[in-house]
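Here is the structure we will look at, set down as C-alpha cells.
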Protein chains: 2
Amino acid sequence: MQKHSTRSLDSIIQAIHPPHNEWRRKAEARTAQLVMPPRALGRLHAIPEKICAIQQTLNPDVSSKTILIMAGDHGIMQEGYSPFPQAVTPEMIKTFLRGGAGINALASSVQAEVRVVDLGIVPDLDPNELEGGDHLTIAKIGRGTANFARGPAMSREQAAQAVCSGFDRAEAHIHQGTKLLGPGDMGIGNTSPSAAIGTVITQTPLETMVGRGTGVDDSALAQKVKAIQKGLEINRPDPRDGLDVLAKVGGFEIGGIAGLILAGAAHGVPVVLDGFIATAGALIAQSLCPVSRDYLFAGHCSAEQGHRAMLDFLRLEPILDLEMRLGEGTGAALAMAVIEAGVTMFEQVQTFAEAGIPGA
Amino acid sequence: MQKHSTRSLDSIIQAIHPPHNEWRRKAEARTAQLVMPPRALGRLHAIPEKICAIQQTLNPDVSSKTILIMAGDHGIMQEGYSPFPQAVTPEMIKTFLRGGAGINALASSVQAEVRVVDLGIVPDLDPNELEGGDHLTIAKIGRGTANFARGPAMSREQAAQAVCSGFDRAEAHIHQGTKLLGPGDMGIGNTSPSAAIGTVITQTPLETMVGRGTGVDDSALAQKVKAIQKGLEINRPDPRDGLDVLAKVGGFEIGGIAGLILAGAAHGVPVVLDGFIATAGALIAQSLCPVSRDYLFAGHCSAEQGHRAMLDFLRLEPILDLEMRLGEGTGAALAMAVIEAGVTMFEQVQTFAEAGIPGA
C-alpha cells in the first residue's frame with residue numbers, strides 16, 4: 001500500500017495552463033439570456049461560469065465529487081500547547097473510515113466520497129485491519145515532521161515528495177471520474193505550520209495569523225505564537241520559494257493538499273478549498289504554480305482568524321461564512337452543495353426566448 | 001379553484017406558541033458530545049438545534065420541502081418607474097409551472113416542490129389550460145392592489161383575507177407532510193410595498209430601504225423613493241399594526257407570505273425566508289404575532305439594499321450572502337441545502353464515546 005510518486009515536480013508544474021477565458025465568456029453570454037434580471041443570482045452565476053472555463057464546456061459537470069483527506073503529524077506538538085494529544089490523529093482517521101465524523105455527514109449530504117491518505121502520521125495503521133480500511137491509502141513520507149521550532153520540519157526532497165504524492169492520489173481519483181475535488185486535512189497541531197505558511201507567504205503579522213486552532217486558551221495561544229516565531233527565526237523560510245516554506249515548517253499533509261490542487265489544475269478539475277489548513281496548502285501551490293489559483297473555489301471563511309488574510313491574498317471570495325473551524329474538508333463539502341446548485345441553475349433555467357418573455 | 005379562508009386571523013394567532021427551549025437545550029447537549037472540538041461547525045450547529053426546538057424532537061426532519069410562491073400585482077406600477085411591465089407577472093407564473101425559472105432549478109437541487117398561489121394578479125389564469133397548471137391555486141383577493149401612492153392598496157378586510165389565504169395554503173401543504181417551508185414571491189413592482197413596510201416597521205429611513213429592485217436607473221430610483229414617500233404621507237400606516245401597514249401599502253402576496261409564516265409557527269414547521277419581499281412578509285407576521293420570528297431562518301442576505309436592516313430588526317443572521325436579488329424563493333431554496341446538511345450532521349456524527357476518543 002506504500003505509494004510514492006515517480007514524477008518530478010517540475011514536469012507536473014510545466015503541464016499546467018490557465019483556464020480558458022473564451023469558455024467563460026460563452027458562459028457569461030448564456031447567463032445574460034436566462035429568464036431573470038441581469039445577473040440577479042449574484043455570485044452564484046460566477047460559479048458555473050468558472051467551471052465552464054476550467055472544463056472547456058457549456059455543460060459543466062460536478063456530478064462526481066471526492067473529499068480527499070490528507071493526514072500527517074507534527075513535531076511542533078512537542079512544544080506542548082495543543083489541547084488535543086497527537087494520538088487523536090489516528091483515532092480521527094479511524095472515525096473517517098468508519099463514517100462517523102463531521103466530514104462523513106457533510107460529504108454524504110452532497111453525495112461526495114471520502115478517502116484518506118496517510119502522508120506521515122506517527123503510528124502505522126494497517127488498512128487491512130480497519131473497518132473501511134479500503135478507503136485509506138498509505139503514502140508515508142515520515143513518522144510526523146520534525147519540530148520546526150528547533151529546525152526544519154522535513155528535507156526539501158521530502159517536501160517535493162509530499163506534493164507529488166498528493167498529486168498522484170488526486171490524479172488517481174480524477175482518472176476514476178471525479179469532477180470536483182475537495183481537500184480535507186487531519187493532523188493534530190496543523191494550525192501551527194499553516195499559520196507559519198500564511199505569515200511567510202502573505203506577509204501578514206504572525207499575531208494576526210495565529211488563532212486558537214481546536215481551542216487553546218490565552219496562555220497556550222501566547223506559547224503557540226512564541227514557538228512559531230522561534231521556528232521562523234531559526235529556519236528563515238524563503239517567501240518566494242513555496243517548497244522551501246513547506247520544508248521548513250511542514251507539514252506532509254499540507255504538501256499533499258498543494259499536490260491535490262496542482263492535480264486539479266493539470267486535469268481541469270475545480271478544487272473547493274476548505275479552511276485554514278487547506279488554504280495554507282493553496283498558498284504553497286500558488287507559490288509553486290501561480291495559475292493554480294484560478295482552479296480554486298474558497299468553500300468558506302473559517303473562524304480561525306488568519307484565514308481571511310489568506311483568502312484575500314489569493315483574491316478568493318468565500319462561498320460560505322458560518323464561523324466553522326473544524327477542518328476535515330467540512331467547509332469544502334458544504335460549499336459543494338451551493339456549487340452543484342449553481343451548476344443546476346446554469347443548465348436548467350430557460351432563456352427569455354424559450355420562456356417567450358421579452359427581456360428588460 | 002377559488003379558495004378563501006373561513007378562519008379568523010385572531011383565532012390563528014391565538015393558537016401560536018413559542019418553540020420549546022427544553023428541546024433546544026437537549027439538542028445543544030448532543031452537539032457538545034459530537035466528535036469534534038466544541039461547536040467547531042459554528043453557526044451550522046444552531047440550525048438543527050433550532051429545528052429540534054420547533055419540532056420538539058432530537059430527530060429533526062426536513063426531508064419534505066415546499067417552496068410556495070405567492071403572487072400578486074401592484075397598483076403602484078402606474079407610477080411608471082419599473083423596467084419590467086406588469087404583464088411579466090403572469091408570464092413568470094407560467095414559467096414556474098413549466099419548470100423553467102431560477103426557483104425551479106434551485107428547488108430541484110434540494111428536492112423541494114414548487115407551488116404557486118395567485119392571491120391577486122391582474123389577469124385570470126386558468127389552471128386547466130396551463131402546462132403544470134395543477135401546481136397553481138387561484139385564491140384571488142383582487143385584480144392587483146390599488147396604487148398606494150394615491151390611497152390605500154387594499155381594505156383591512158382584504159389584508160386579513162390575504163394573510164388567512166396564505167395560512168390556509170401553507171397549512172394544506174403541512175397536512176400533506178411538508179417539514180420545511182420557503183415562501184417565494186412573484187409580483188412585478190413588489191419591492192416598492194416591501195420597502196414601505198420595511199421603513200414603517202423598522203423605522204429605517206426610506207432612502208436606506210429603497211433599492212434598485214429588478215434594476216431601475218438613478219432617475220427611476222428617485223421616482224421610486226418619491227412615490228413611496230407620497231404613499232406613506234397619504235396613508236399614514238400605523239407601525240404598531242401590521243394589518244394596517246399591509247392594507248395601506250400592499251401587497252396581496254406579502255400578506256400571503258405573512259400567513260405562510262404563521263402557519264409554520266402554528267404547526268411547528270420551520271420557515272426559510274428568501275430575500276427582501278419575503279422578509280417584508282416576516283415583518284408583517286412579526287407585527288401580528290411576535291413569536292412567529294422564532295420559527296424563521298434567514299435563507300440569505302439579498303443585494304437589495306434594505307434587506308440587511310430588515311434582518312437586523314428581526315435579529316436573524318442570514319445563512320448565505322451571495323449578492324442574490326431574484327426573489328421567487330431562490331435564496332430560501334439554496335439555503336435549504338445548508339439546513340439539510342446541518343440536520344444530517346446533527347444526526348449522523350458520532351459522539352466522542354461512540355468513536356472511543358476522549359474529549360478535549
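The values are calculated or read from the model by the stated rules, or taken from the named source; none is laboratory data. What you see is a predicted model; the values in this text were computed from it and never measured. Here Cβ is always computed from backbone atoms with ideal geometry, including for glycine, and neighbour counts include all displayed protein chains. These area figures cover heavy atoms from the full protein model, side chains too; ligands, DNA and RNA do not enter into them. Shrake-Rupley method; radii C 1.70, N 1.55, O 1.52, S 1.80 Å.
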Task: Checklist (1) within 14 Å of chain B (Cβ to nearest Cβ); (2) within 19 Å of the chain's Cα centre (by Cα); (3) at negative phi applied to residue A:81, failing item - done: (2)
Open item on the list: When the residues of region A:36-64 are narrowed to those that are open to solvent by 10 Å² or more (accessible area, probe 1.4 Å) and charged (D, E, K, R), which ends up farthest from residue A:249 (Cα to Cα)?
Closed with: A:39
Open item on the list: Among the residues that make up region A:316-326, is at least one of them more than 8 Å from every other protein chain (Cβ to nearest Cβ), assigned to a helix (DSSP H, G or I) and in contact with a Cys (Cβ under 9 Å, 6 or more places away or on another chain)?
Closed with: no
Open item on the list: If I ask for residues that are free of Cβ contacts under 8 Å to residues at least 40 places away in the same chain and either of a type in the set (A, V, I, L, M) or not assigned by TED's automatic domain parsing to the domain that holds residue A:141 (or both), which ones from region A:222-259 would you list?
Closed with: A:222, A:225, A:232
- [ ] Can you tell me which residue within region B:347-360, out of those that are at the interface with another protein chain (Cβ under 8 Å from one of its Cβ atoms) and part of a helix (DSSP H, G or I), is nearest to residue B:36 (Cα to Cα)?
- [x] B:355
Open item on the list: For the structure I just gave you, tell me whether residue B:116 is part of a loop (DSSP other than H, G, I, E, B) and buried (at least 21 other Cβ atoms within 10 Å of the Cβ).
Closed with: no
Task: Subset of region B:207-229 (residues that are open to solvent by less than 10 Å² (accessible area, probe 1.4 Å), away from every other protein chain (no Cβ under 14 Å) and over 18 Å from the mean Cα position of the chain (by Cα)) - done: B:210, B:224, B:227, B:228
Open item on the list: So for region B:285-308 (the condition being touching a strand residue (DSSP E or B) at 6+ places or on another chain (Cβ under 7 Å), assigned to a loop (DSSP other than H, G, I, E, B), closer than 30 Å to residue B:156 by Cα and without any contact (Cβ under 8 Å) to a residue 60 or more places away in the chain), does at least one residue qualify?
Closed with: no
- [ ] Determine whether region B:165-183 contains at least one residue that is open to solvent by 20 Å² or more (accessible area, probe 1.4 Å), touching a helix residue (DSSP H, G or I) at 6+ places or on another chain (Cβ under 9 Å) and in a loop (DSSP other than H, G, I, E, B).
- [x] yes
Task: Pick from region A:265-281, criterion more than 11 Å from the chain's Cα centre (by Cα) and assigned to a helix (DSSP H, G or I), ranking: farthest from residue A:338 (Cα to Cα) - done: A:266
TODO: Looking for whichever is of a type outside the set (Ser, Thr, Tyr), open to solvent by less than 40 Å² (accessible area, probe 1.4 Å) and out of contact with any helix residue (DSSP H, G or I) (no Cβ under 6 Å at 6 or more places or on another chain) here; the options are A:102, A:75, A:80. Which one fits?
DONE: A:75
TODO: Please indicate, with yes or no, whether at least one residue in region B:95-107 is more than 13 Å from chain A (Cβ to nearest Cβ), polar (S, T, N, Q) and more than 13 Å from residue B:187 (Cα to Cα).
DONE: no
Task: Answer from A:317, A:328, A:347, A:304 - the residue that is of a type in the set (D, E, K, R) and under 30 Å from residue B:130 (Cβ atoms) - done: A:347
TODO: Please specify each residue of region B:205-229 satisfying the condition of being at positive phi and of a type in the set (S, T, N, Q).
DONE: none
Task: Members of region A:297-319 that are more than 15 Å from the chain's Cα centre (by Cα) and open to solvent by less than 10 Å² (accessible area, probe 1.4 Å) - done: A:306
- [ ] Considering (1) among the hydrophobic types (A, V, I, L, M, F, W, C); (2) assigned by TED's automatic domain parsing to the domain that holds residue A:186; (3) part of a helix (DSSP H, G or I), say which one residue A:84 fails and leave the rest.
- [x] (3)
Task: Condition broken by residue A:351, with the remaining ones in (1) surrounded by 21 or more Cβ atoms within 10 Å (Cβ to Cβ); (2) in contact (Cβ under 8 Å) with a residue 24 or more places away in the chain satisfied - done: (1)
Open item on the list: Being more than 13 Å from chain A (Cβ to nearest Cβ) and touching a residue at least 24 places away in the same chain (Cβ under 8 Å) narrows it down to one residue among B:110, B:62, B:117, B:88; which is it?
Closed with: B:117
- [ ] Kindly indicate whether residue A:334 is hydrophobic (A, V, I, L, M, F, W, C) and either closer than 30 Å to residue B:100 by Cα or in contact (Cβ under 8 Å) with a residue 40 or more places away in the chain (or both).
- [x] yes
